[in-house]
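Take a look at the structure below.
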């Protein structure tokens with residue numbers, strides 16, 4: 001994947017510094033490719049809301065959870081790799097979960113999504129980077145717009161971390 005990362009994350013979307021953007025984009029794109037996920041960018045003008053979480057824990061398998069709006073409900077697509085330590089070796093696709101969200105689950109996602117105010121979040125946090133922990137990469141695409149935000153080891157009481165944990169749990173994977 002020499003330049004494949006460029007298709008996943010628009011220039012400067014992860015970090016204003018080109019070297020840090022490229023470093024993160026290459027790592028995140030490699031994981032998304034292994035998980036069988038396609039780029040969400042660019043979003044078409046008729047694109048309904050798609051939310052995707054990439055979860056990269058240092059000492060557990062990587063996973064992705066995508067939720068696509070479908071009327072009053074949503075479709076969940078979960079993927080998990082078999083690498084036991086995503087911080088070192090991603091592994092191969094080992095588990096899939098594709099299903100319709102129940103009304104209660106869809107409401108839970110919608111309420112927390114609204115509270116998160118994702119579209120106004122900065123791409124990266126000002127907090128210190130974490131060496132051993134979990135990186136959450138949250139993307140969304142809808143009606144011609146795309147945004148990505150990533151956090152290293154979000155706090156338990158933080159809405160970003162709560163939303164990520166919710167998606168991971170709905171897919172039946174073990175949250176960080």
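Defining a contact as two alpha carbons under 8 Å apart and six or more residues distant in sequence, what relative contact order in percent does the chain show?
Numbers: 353 pairs, mean separation 41.9, N = 176.
Relative contact order comes out at 24 percent.
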Just to be sure I understand: with springs between alpha-carbon atoms less than 10 Å apart, which residue in 91, 83, 144 has the highest mean-square fluctuation in the Gaussian network model of the chain? 144
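What does the helix-only formula give at 222 nm for the chain: each DSSP H stretch with n ≥ 4 adding -39500 (n - 2.57), the total divided by the residues, and the result rounded to the nearest 500 deg cm²/dmol? Mind showing how you got there, number by number?
Details: 4 runs with 47 residues, N = 176.
Mean residue ellipticity, 222 nm, calculated: -8000 deg cm²/dmol.
Classify region 41-81 as rounded, prolate or oblate, taking a ≥ b ≥ c as the square roots of the eigenvalues of its Cα gyration tensor: rounded when a/c is under 1.5, otherwise prolate if a/b is larger than b/c and oblate if not.
Details: a/c = 4.15, a/b = 1.96, b/c = 2.11.
Oblate is the answer for region 41-81, as a/c is 1.5 or above yet b/c matches or exceeds a/b.
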Could you check the simple spin-label distance between residue 126 and residue 97, using points 7 Å along Cα→Cβ, in nm with one decimal? 3.5 nm
Taking a ≥ b ≥ c as the square roots of the Cα gyration tensor eigenvalues, with a/c under 1.5 meaning rounded and otherwise prolate when a/b beats b/c, else oblate, which class fits the chain? rounded
What order do you get for 145-155, 53-63 when each peptide is scored by the mean count of other beta carbon atoms within 10 Å, highest first? 53-63, 145-155
May I ask you to compute the full-extension gain from residue 48 to residue 30, defined as 0.36 nm times their residue separation minus their alpha-carbon distance, rounded to one decimal in nm? 3.9 nm
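Read-outs throughout are calculated quantities, based only on the coordinates presented, and are distinct from any laboratory measurement. Fair warning: this is a prediction, and the values are worked out from it, not measured in the lab. Positions of Cβ are backbone-derived with ideal geometry, glycine not excepted, and every protein chain shown enters the neighbour counts.
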